[in-house]
Each structure stands twice: as structure tokens, then as C-alpha cells.
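Asks: This structure is in C-alpha cells; I'll ask about it shortly.
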Amino acid sequence: MAAEPAKKSLRDQAYEELRDRIIDLRLSPGQRLVERDLATELAISRIPLREALQLLEREGLVVIVPRQGAIVAPFTVADVRDLFDVRESLEVLAARLAAERADATDLAALRAQLSAARQATARGDQPAIAAANAGFHAVIVDVSGNPLLQSLLRPLESRVRWLFHLTKERDPGTQCDEHEALYAAIAANDPDTAAEIAYRHVASGRAPSLALAAHWSMPDIDPITATRTRQRAPHRDRTA
């Protein structure tokens, strides 16, 4: 009889719930995170909540002002540009290594993410599309078999998922096509082609993502000022 999965700690439950709300934009960049309200809503004490907020801060999703409070990390166009700079280097290396090392189990995991993305695209399910596309990239990092590379890229997984939500206006069908081409190169054990496709795939999203980031960007948010009020920080009209 299979053992039951270990129950998640209150800290981890709070971390995952708040991370998902930030990633899918239910919590807006610059929004104040009021501990008392969140602790009541999540039915936990402030200690595991604060531990969860610290984990989110390490991932760059939250800014904590000591003795004052926390807000969802505001972002700038430069933040998005920096993310693409890192992805264009490290994800290309991950794809190259994955093409050298992938076995049948690894390929099955990649196919599962491709299938999930196609199905979510057919349904128009934006959260599921973002999760599946980010999951595809995460599997490639795992398949790379390079612990140092994994340690550098894993902390970025949440920001990559957040980016997929931010740029949901991009054609998800095109992204699926690009992922399938990358999968084919990995399955063929062709590291040069995998690296080339991975670079083109990431680079093709830079310009549209930066344009969308300029619309969403909140460079004027001051965390110290924002944590002095219980009101939600102002955010841009998403329908403009």
C-alpha cells in the first residue's frame, strides 16, 4: 500500500497560495499584503505567514520592509529585460544538455507538458496555459542533469510563470508550436538544434513582453510608502 503524501506545513500552504495569486495577477504588483487580513483569510497564525512571505521575497515576488510590512513586488521594464537576458543564456544551455541526456522517461514528461498546454489552449484556460508552458521549461531544466544550472534557474520558475501570465495576449498556439519544435530536437538528441531553437523561442518573446511590461510597469511604487497604508496600491487599467 502506497504511503500517503506528507501533509504540507502551514508555511508551505500559505507560500503556494500567495505565490499562485501573485503569478496569476490576482494580487497586483505594488499591492500591500496586510498580515492580519491574510492570516485571517488563510486561517493561519502570523508566524507561518511571515515565513511564507520570506520565501516569496527570496523568489523576487514580494518586497518586505522591516517593521513595516510587505507588498507584491513592483516591477519595471528593466526587470523583465533582465529576466530575458538570463533566460537567453541559461535556458539555451539547459536545452543543449537536455538534448544530450534525455531518456524515454524524460521525453514522456516533456510530452505530458506539451499535451497539457495544447488542451489548455483549446479550452482558452489562461492559468493552465501558463502553468503548462512554464512546466515544459522546468522539465528541460531537470533533464539537463546539471545541479548548478538547476540551482540557478529554479528560483526563476515563479517569475517565468508570472511572465507567461503577463504576456497572455501572445498567441498560445505559436508558443505550443515552438515548444514542440524544441521537443523534437531534444528527442532527436540534437544539442545544436535544440540550443538554436531554445534561443529563438526565448528571444522571440522579448520585444512583445517588453512592450506589455511597459504598459504594466510600476516604477514609481515606493515600498516604504506603500506599506504605510492598508489600501491597495494603484495599478494600471489592464483593459487599456
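Asks: Cβ contacts < 6 Å: first residue in contact (Cβ under 8 Å) with a residue 12 or more places away in the chain, restricted to segment 52-77; second residue open to solvent by less than 30 Å² (accessible area, probe 1.4 Å) and of a type in the set (Asp, Glu), any location; separation 6+ or different chain. Result?
Replies: From segment 52-77, no pairs qualify.
Asks: Given the conditions (1) touching a strand residue (DSSP E or B) at 6+ places or on another chain (Cβ under 7 Å); (2) among the hydrophobic types (A, V, I, L, M, F, W, C); (3) assigned to a helix (DSSP H, G or I), which single one is not true for Ala95?
Replies: Tallying (1) touching a strand residue (DSSP E or B) at 6+ places or on another chain (Cβ under 7 Å); (2) among the hydrophobic types (A, V, I, L, M, F, W, C); (3) assigned to a helix (DSSP H, G or I), Ala95 fails exactly one: (1).
Asks: Still on this structure, I have one more. Only residues that are among the hydroxyl-bearing types (Ser, Thr, Tyr), in contact (Cβ under 8 Å) with a residue 12 or more places away in the chain and either open to solvent by 20 Å² or more (accessible area, probe 1.4 Å) or not in a helix (DSSP H, G or I) (or both): list them for segment 157-198, please.
Replies: Let us first name the residues in segment 157-198 that are among the hydroxyl-bearing types (Ser, Thr, Tyr), namely 158, 167, 174, 183, 193.
From what's left, in contact (Cβ under 8 Å) with a residue 12 or more places away in the chain: 158, 167, 183, 193.
Passing the criteria: Thr167, Tyr183, Thr193.
Asks: Considering only segment 105-129, how many residues are open to solvent by less than 80 Å² (accessible area, probe 1.4 Å) and not in a loop (DSSP other than H, G, I, E, B)? Before you say what the answer is, go through the steps one by one.
Replies: Step one: of segment 105-129, the residues open to solvent by less than 80 Å² (accessible area, probe 1.4 Å) are 106-110, 112-117, 120-121, 124-129.
Imposing the further condition that a residue be not in a loop (DSSP other than H, G, I, E, B) reduces the set to 106-110, 112-117, 120-121, 126-129.
Summing the residues that are open to solvent by less than 80 Å² (accessible area, probe 1.4 Å) and not in a loop (DSSP other than H, G, I, E, B) in segment 105-129 gives 17.
Asks: Still on this structure, I have one more. Filter segment 51-82 down to the residues that are open to solvent by 40 Å² or more (accessible area, probe 1.4 Å) and in contact with a strand residue (DSSP E or B) (Cβ under 9 Å, 6 or more places away or on another chain) and list them by number.
Replies: The answer is Gln54, Glu57, Val63, Ile64.
The values are calculated or read from the model by the stated rules, or taken from the named source; none is laboratory data. Quick caveat: nothing in here was measured; it's all calculated off a predicted structure. Cβ: placed from backbone, ideal geometry, glycine included. Neighbour counts: every protein chain shown. These area figures cover heavy atoms from the full protein model, side chains too; ligands, DNA and RNA do not enter into them. Shrake-Rupley method; radii C 1.70, N 1.55, O 1.52, S 1.80 Å.
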